Structures are given as C-alpha cells and as structure tokens.
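**Q** Could you have a look at this structure, given as structure tokens, before my questions?
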Amino acid sequence: MRRGQAVALLVILGLNFVSLTVQTRANSEMPVRQAFTTVFGSAQQLLTAVRRTAGAWAGAMRRVGETRSEREALEARVARIEWELTVARGELARVRGMTGLDWRSLGLAEPVTAEIVGVSASPLDRTVTLNRGSSHGVSRNAPVMAHSGLVGRVVHVGSRFSQVELITSASAGVAALTAESRTRGVLRGGRTAEAGGADLALDYVSVGQGVEVGELVISSGLDRLYPKGLVVGRVSRVLWGTGMLVDVGVEPAVDFDRLERVFVLPPESAPSPTDP
Amino acid sequence: MNLPAPESRFRRALRVAILLVAAFLLQTLVRPAPWIERVAPDFILAAVAGLAMRRGASLGLGLGLGAGLLQDSFSGGLLGIHGSSKPLTAFVIGRIAAQARELSGSLAFVLALVAAGLDAAVLLFLAWVTGAEVTARPLAVGLGLPLTAFAGWAAARWLAPPAASTV
C-alpha cells in the first residue's frame, strides 16, 4: 500500500516535471493551455455572475431607501458629464483640424471592452481572467488598460477568455518614462523592498536625472509591448540606491483591488515613431 | 463504550466535495481586502492538507493532483507547479497523520502549518528550477502560512467523523 503510494507520487511528479519542461521550452501558446483557459474561464465567469447577482441583491435590499436621492444625484452628474463630453468633442475636432493627428495610428482606435471574471488562484501570481478571447479579437501580448491607466498584458488566450498578467507581477516589465524629467527606466512589479514599499519600482535610473516625487510615469513604447504614452502611475519615493543608481518607487494609477472593466488594445508590433 | 456515529459514504464524499468547492470559491472569487491579498492564504492547500489528514495519503495524493492542476489552470503560471506541490504535500501530511493515534485540534494545526511551509518551499524550488518569477512577497508568504494553517485546521475539523455516541 505504502509502496504503491510512493510509486504514484513519483509518477505524478515525473509527469508534472515533463509538463513544466515542455512549457518552459515552448515559446508559443500550448493548445492544452488554450483549452484550459477556455474551460476555466467559463467556470469563473459563471461563478462570478452568481456572486455579483447575490451581492447586488443583498446591496439592493440594504439600500432601497437611498435609491431616490442617489438617482437624483446621478441624473445631475450625467447632465454635467454630457456637457463636458460636448465640450471635449469640440476641442478634439479643433485639435484634429490643427494637427491632422490620426488616432488609429496610436493603436487606441478600437479596444475590446472586457470584464474581469476571476483572479489568480495562486498566491504566487498576479493575473486576472477576462471574459473576452480570440473570438473577440484579443491576442497574446495585447496591452490591457483601465480608464485610469495601464493594467498589464494578455499572457494566455482561449477562444472566449483570456488571462492578463498585471504590471505589479514580478515577471512583468514596462519600458517607462517620467513625464517631466523625461527619465527612462524599466518598471518592475514585486520589488517593494528596493522601492520603499511601493507596488512598482522604476529600475535603471541613475543619480542626477532629476526624478521627483509626484511625477507622472508613462509607457515609453521601447519594449514593443505597450504603446507610448499610456499612464502607468506616479513616482511615490526616490531613495538612494546602490552605486550611481537611485531606487524609484511608483504607485500604479490603477486600483487593482477594485478593477472590474478593462480595455484590450491591439498588440504592439513596433515602437512608437514619435519617441522624443 | 464510545463508538463513532456511522456516516454513509455519500455523506463523506459530499463533505469532501463541499470542502473543495468552498476552497476554490474562496481562492478564485472572493476579491479580498488589500491587506488580506498581501498575506496570501492558500485555501486550496488548506483543503488538501485537511483531506490528507482525515482521509489518508492516497486520497490526498489524488485530490491534491486534481486540485493543484485546477489551481494552475486558474492562475497564469505554468501547468504543473501546484500540480506537483499539492500531491507531494498531501502525501507527506497523510503519512505523518497516519502515525498519530488521534488527530487532535492542536496536532491538526501543526500539521497544516507544516503543509503550508512545505508547499511554499516546493513552490519556491520549482519557481527557481523553471526560472519563473515569484510575485508573492516574503512578508506576505510568512504571514500567509499561519492563516493557511488555520484554514487547514478548519478543513480537518470539517472532515472529522461525527461526535462519538455512547453504547
């Protein structure tokens, strides 16, 4: 009995080792992984729908009394936003007329809107599952944004679901640029010790480049993954590092704990031609 | 004379199914508060450890493999990372628990803590071997171990046989 258990364990570990070897050596998406993404994405979507429905019902029961005043406030807000939209459209038309700028060239023309239906089951990774896949036009390495900034990139694609690696993941990297001092670096997640507790660290910044706390950090486009100009976060700390480098901490622009809806952009194939 | 109350095979299987489903729901759906996410408890490991303690190494091995592969599928990592660590942990915990005359609450907690530590060590080793980056922060893993152990203790308690009846 005990010998049988030990043999079974060895067989399991051996098969998993083969699986891991194949995956680490193969650079492209494995068909079995695509199938898993589709199947478990469906399961997560179903379960998330149940959770949200139950939560919505519970919330509705609690907040019946507040509904009317909230509705009035929302109507006023919608009216204000509509007015701001009208003004912005006018400004956009004016800018287009002046510069002849083609917004499609920035790769921001037709993003795929997606909802987050699940989070990573492993404490080691930072990934989320989206309810959009290859059949909706999502492809591997496509940048993912929220209205407030960059979220990450698509790492696995199924036909109807996809998985996104967040920029706060240790394996993620974003070629970035500070908006005012124009300092280049590479943003990495999971580097809190060096970045003084921040979620992201801007690596390879040397002393004397003038990076200041509060500066906006945007993507530089040099990594050929993310288009230039996407908001990533703000510099939260600048600390003395080792040698001629400084440790720069960056707080992400996106609140990942409250993220529900994102936009998947077309994948980048070349760096932005407008690099300064 | 004290005898454990009889429990049908169906009810025993139902308890296991409820435990595993609850663990997956907690792990994949509950979007916890930021401070909870940063201490990273592993509910699936807790369920597997509880199973191995109460139902033996064989069942722990099989269900650990299934749960581990599911966990890999629900995450963005490599297929086989959790698929290796969970059955190995279940095997070790099931073997140790089989040596004990009685699985007390404190022993269950200690075994769950050992399971959490062993699982974390195996995961870090596999990440090192495969060259995968590890996002979890050391402090989060350190604080997550006792939380996982507490969940494992609860899982073992959930799977415990019904209270003894006096004949």
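**Q** If you go through segment B:64-94, how many residues are more than 7 Å from chain A (Cβ to nearest Cβ), surrounded by fewer than 24 Cβ atoms within 10 Å (Cβ to Cβ) and under 27 Å from A:Val164 (Cα atoms)?
**A** 3
**Q** Can you pull out every residue in segment A:170-215 that is in a loop (DSSP other than H, G, I, E, B), at pLDDT 85 or above and open to solvent by less than 10 Å² (accessible area, probe 1.4 Å)?
**A** Correct list: A:Ala172, A:Thr183, A:Glu215.
**Q** Follow-up question, since we're still on this one. Examine segment B:100-108 for a residue that is within 15 Å of B:Ala47 (Cα to Cα), in a helix (DSSP H, G or I), within 13 Å of another protein chain (Cβ to nearest Cβ) and hydrophobic (A, V, I, L, M, F, W, C), and state whether such a residue exists.
**A** Within segment B:100-108, not a single residue is within 15 Å of B:Ala47 (Cα to Cα), in a helix (DSSP H, G or I), within 13 Å of another protein chain (Cβ to nearest Cβ) and hydrophobic (A, V, I, L, M, F, W, C).
**Q** Please go through segment A:40-66 and pick out each residue that is among the β-branched types (Val, Ile, Thr), surrounded by 10 or more Cβ atoms within 10 Å (Cβ to Cβ) and without any contact (Cβ under 8 Å) to a residue 24 or more places away in the chain.
**A** Result: A:Val50, A:Thr53.
The values are calculated or read from the model by the stated rules, or taken from the named source; none is laboratory data. Computed from a predicted model, the values in this text were never measured in an experiment. Note: ideal-geometry Cβ built from the backbone for every residue, glycine included; neighbour counts use all protein chains shown. The accessibility values were calculated without ligands, DNA or RNA, using every heavy atom of the protein model including side chains. Shrake-Rupley method; radii C 1.70, N 1.55, O 1.52, S 1.80 Å.
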